[in-house]
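Read through the structure below, which is laid out as structure tokens, and then see the notes.
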Amino acid sequence: MAPDPWLSIYDDTYHLAQEIAEKVHERDRYLRNGENPARVTVTIRTLMKKLNERIEQLRDSLLRSVSTRQITQLEGDRRQNLVDELLTKERHLQMSLSNEGAAPDVVRSSLMSGGASGSSRYNPWVMEEPEETRNLSSRELKQQQQRMIAEQDAGLDALSNILGRQKQMGYDIGNELDDQNEIIDDLANLVENTDSRVRSQTRQVKLVDKKTGAYAMWVVIVLLLIAIVVVAAWPK
């Protein structure tokens, strides 16, 4: 069964909104570090325009499906709730993009969170800054990030060394298998040659056996003939 085009567009829009949230988080990090967020801001605005177009496309397509009874009313209501949630996320993103101060950071979160759309008790797009970084200056945050990057680099180096050793072990095992295969081939040739010799000797033994049997038969015949001649010549 082919996937529903509307649901495919919704999934793409959902991931687009999540990507924008990550970009906003990246922009806020630049601001905290005193760096220029111009490039990522341009990217965010481009993605926001695309998000708005996708949501409008979902709304128009849903309206046509409901009016032409291509889907049930219950399914139409469910999809309308999904569109409303996307609209709420879009507004939160737009507010976060407009707020370039040090307000609570917009961070990545699940778009599939529960609760009614627009609930004031829970905003899945906003999270407070972690306790361990809240009182740090921009310079201290940068130093902390550099330490984390250094630790990650060290971990990657260790992983690279492990992979290198495993790769060498793979080469050694491959070479050992090649040697074993050559030995097996030699044994197979030896067994084949031995089998051929055994078959040849067997044929020779059978031939000798046949000749021996024929010779014995002729001896018996000659002895019988001699006995007949002797009996015939014996005086009565």
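Here the scattering of region 155-209 is modelled by Debye summation over its C-alpha atoms, one equal scatterer each and no solvent; at q = 0.14, 0.18, 0.29 Å⁻¹ the log10 of I(q)/I(0) is -0.61, -0.73, -0.99.
Per-peptide packing, taken as the mean over residues of other Cβ atoms within 10 Å, places 181-194, 37-50 in the sequence 37-50, 181-194 from highest down. For trypsin sites (Lys or Arg not before Pro), the sites in region 61-94 that DSSP calls loop and that have at most 11 other Cβ atoms within 10 Å are Arg69. For region 1-63, the direction-averaged projected area of the alpha-carbon convex hull comes to 4.7 nm². The distance from the alpha carbon centre of region 10-35 to that of region 63-89 is 27 Å, rounded to a whole number. The order of Ser65, Ser160, Ser8 by accessible area, most exposed first and with a 1.4 Å probe, is Ser160, Ser8, Ser65.
The values are calculated or read from the model by the stated rules, or taken from the named source; none is laboratory data. Just so it is clear, the structure is predicted and the values come from calculations on it, not from any experiment. Note that we place each Cβ from the backbone using ideal geometry, even for glycine, and neighbour counts take in every protein chain shown. The accessibility values were calculated without ligands, DNA or RNA, using every heavy atom of the protein model including side chains. Shrake-Rupley method; radii C 1.70, N 1.55, O 1.52, S 1.80 Å.
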